[in-house]
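The values are calculated or read from the model by the stated rules, or taken from the named source; none is laboratory data. What you see is a predicted model, and the numbers here were worked out from it, not measured in a lab. Backbone-built Cβ (ideal geometry, glycine too); neighbour counts: all protein chains shown.
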Amino acid sequence: MADDLVLSLGEARRLAVRSQYLAGPPPAAGIDGMRQVLRGLRVLQLDPVNVVARSHLLVLWSRLGGFDRDDLDTLGVARARDVERHFTIGRYPGLDLERAGWARPVRVEGGSERWWVHRDALGLLDEDWRPRTTLLSPFDNLICDRDRTERLWGFAYRNEMYVPKQKRRFGCYVMPVLAGERLIGRVAPRTDRRRGELVIEGVFAEEGSAGSMADPSVAAAIESLASFAGAGSVRYAGPGPAYPEHG
């Protein structure tokens, strides 16, 4: 343990974000970029929830922006049982990682637990940092492990879709806002397909991030999401910064 490399929280966040194509050089255009992202993610969760768009499409949008959905059909996806057979808890225990030549143990600022990082990924810390601002699906690969999300980002995320309306803190469907390596807030959107609108039911800043959430890059990400979801306009119908309405 004493010889483990120690990463700051910022370095650990940047590695996580950069490794998942949420920062850095944009992926290649077209199907090649999609293939690049899918190889990096390893698994893309399919989920029937379609408040804005299907989750697996939103995961790709966060990394690629607008894309041709036919490309995903061309590449193909695995069935749920195929994924479950491969990604089984305990399939890759720590002992195997210690023997794996590609894995390096590290510690992360703020705790003594052992983490693992691909040796090739450490080189990403030497690259110029090229941040982006985007919204994440509630089931995005970056945040699907809620304990890890709270440990690295101090961001407590709870899915409130099945919470009674009067007990919800933020909304039925809430997308975290990623700005660079920080999770700065949440947006509660839904697509009104009859009206062709993306309705924003609330915009919520994390503590100390109100200024960041008011940045035009957040409004631009919301507009991009509306376009991807097939909405011709954005309507703000809840609390939060007064972004210019789009459409």
Item checked: Filtered residue count, segment 11-46, keeping only those that are over 13 Å from Leu142 (Cα atoms), of a type in the set (D, E, K, R) and surrounded by 15 or more Cβ atoms within 10 Å (Cβ to Cβ) -> 2
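Taking Phe170 as the residue in question, decide whether it is in contact with a Phe, Trp or Tyr (Cβ under 6 Å, 6 or more places away or on another chain) and assigned to a loop (DSSP other than H, G, I, E, B).
Working: in contact with a Phe, Trp or Tyr (Cβ under 6 Å, 6 or more places away or on another chain): yes; assigned to a loop (DSSP other than H, G, I, E, B): yes.
Yes; evaluated as a whole, the condition is true for this residue.
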Next item on the list: Identify the residue in segment 102-116 that is hydrophobic (A, V, I, L, M, F, W, C) and modelled with pLDDT of 90 or more and, among all such residues, is surrounded by the most Cβ atoms within 10 Å (Cβ to Cβ).
Entry: Val108
Next item on the list: Just need a number here: residues in segment 156-181 that are within 28 Å of Gly111 (Cα to Cα), surrounded by fewer than 19 Cβ atoms within 10 Å (Cβ to Cβ) and out of contact with any Pro (no Cβ under 7 Å at 6 or more places or on another chain).
Entry: 2
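Being in contact with an Asp or Glu (Cβ under 7 Å, 6 or more places away or on another chain) and either in contact (Cβ under 8 Å) with a residue 60 or more places away in the chain or under 23 Å from Asn159 (Cα atoms) (or both) is the requirement here; does Ser8 meet it? Break it down into steps so the answer makes sense when it comes.
Working: in contact with an Asp or Glu (Cβ under 7 Å, 6 or more places away or on another chain): yes; either in contact (Cβ under 8 Å) with a residue 60 or more places away in the chain or under 23 Å from Asn159 (Cα atoms) (or both): yes.
So Ser8 fits the description; yes.
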Note to self: Condition first: in a loop (DSSP other than H, G, I, E, B) and either in contact with a Leu (Cβ under 8 Å, 6 or more places away or on another chain) or not β-branched (Val, Ile, Thr) (or both). Now tell me which residues in segment 151-167 satisfy that.
What the structure shows: Gly154, Phe155, Ala156, Tyr157, Arg158, Asn159, Glu160, Met161, Tyr162, Pro164
Checklist line | Residue selected from segment 210-228 under the condition in contact (Cβ under 8 Å) with a residue 40 or more places away in the chain and out of contact with any Lys or Arg (no Cβ under 9 Å at 6 or more places or on another chain), by the criterion surrounded by the fewest Cβ atoms within 10 Å (Cβ to Cβ) | finding: Ala220
Check: Taking segment 182-199 on its own, how many of its residues are acidic (Asp, Glu) and crowded, with 19+ Cβ neighbours inside 10 Å?
Finding: 1
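Answer yes or no as to whether Asp71 is over 20 Å from Leu178 (Cα atoms), assigned to a loop (DSSP other than H, G, I, E, B), touching a residue at least 12 places away in the same chain (Cβ under 8 Å) and not aliphatic (A, V, I, L, M).
no
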